């Protein structure tokens, strides 16, 4: 499999745009599936791809892949980066491609509502949790350094910041108290790297005391080296729903690939790398032992309060405008005021 990292993918955009490329495989490479994904998906896809290649639909298929910060990846595809499937951190990054005429308007009209994977926001902490970070209030204590990616480029950053904001609403607060909390939160930021994977690298390299992360990313890090971190599931978290879509002229092989990703077999493989199975097939997936989870035999305990983007924030159209508009977004302004 050929993997293209984000920098190379973005550098290629200008050349690809000039050639009119930007959708899917040509007739000469119909057995090649081009995947453009968000940064932390890389390792998780490897096992799912291998299993698909062992099915009748996947026989003879090869994958070409590009991974990076979700917003950057979406802009790269809009600018010409070749893709059959996009598997991105959040819905607006796919909507950009609908607006560009590359993805059909009905991409969400299916049993998974356009998602291929899901997770929740957790606190990754130093081994043994020496600063006893358990709650959202602990993140704003003096001397606690927070690592979370930058929402200007990263989808995971938006999930993280909304989880932090929503934690105050979940405990009976309102917009005013949530904004007061976020001022303290931003004051404790130690680093805001470009992507979720870059944030993990910064944290494991010694930056900060707590990393806001996808649960699956924390589990994956512990699978490779349990001494790197522990993680805490806070009382209030946010369901992370990762969007996927086929480009308009994607091949039949790409369509079969996406169906396999969403199947019970595909979701079990994703679960083994730390993703929570999609609701549509969770019962069929059944119990999964997950190496690297804090409790491998019970890897996906439910938070006391699990927020969702649709129920608690009015959906991504509303949330993006209210919180992340580049001029007037609540969180954009608070981040700028903090000098982050």
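Of the peptides 118-125, 132-139, 83-90, 39-46, how do they stack up when ordered by the mean number of other Cβ atoms within 10 Å, highest first?
83-90, 118-125, 39-46, 132-139
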Revision key, fill the gap. Checking 320, 110, 160 against a Gaussian network model of the chain (alpha-carbon springs below 10 Å), the top fluctuating residue turns out to be 110
Point to revise | Helix axis angle, 70-79 relative to the chain longest principal axis, alpha carbon, degrees | key: 30
Check your understanding: Can you tell which of 330, 189, 35 shows the greatest fluctuation in a Gaussian network model of the chain with Cα springs below 10 Å?
Key -> 330
Check your understanding: So how far, in whole Å, is the C-alpha centre of the stretch 97-154 from the one of the stretch 194-261?
Key -> 8
Point to revise | Enclosed volume per residue, in Å³, of the convex hull spanned by Cα atoms of the chain | key: 130
Check your understanding: Sorted by average packing, counted as other Cβ atoms within 10 angstrom per residue and highest first, what order do 288-296, 143-151, 180-188 take?
Key -> 143-151, 180-188, 288-296
Study note, to complete from the structure: Computed curve, the stretch 72-149, Cα-only Debye sum without solvent term, log₁₀ I(q)/I(0) at 0.12, 0.13, 0.19, 0.23 Å⁻¹, is -0.56, -0.62, -0.82, -1.03
Review point. Could you give the nm distance between label points at residue 337 and residue 171, where each point is 7 Å from its Cα heading toward the beta carbon?
Key: 1.9
Point to revise | On Cα atoms only, tilt of 175-187 relative to the major axis of the chain in degrees | key: 90
Review point. When ranked by the protection proxy of mean other Cβ atoms within 10 Å per residue, highest first, what sequence do the peptides 163-169, 102-108 form?
Key: 163-169, 102-108
Practice item. Please identify, among 109, 99, 312, the residue showing maximal mean-square fluctuation in a Gaussian network model of the chain using a 10 angstrom Cα cutoff. Key: 109
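None of the figures in this text is laboratory data; all of them are computed from the coordinates on show. Just so it is clear, the structure is predicted and the values come from calculations on it, not from any experiment. When we count neighbours, we look across all protein chains shown, and the Cβ atoms used for this are built from the backbone with ideal geometry, even at glycine.
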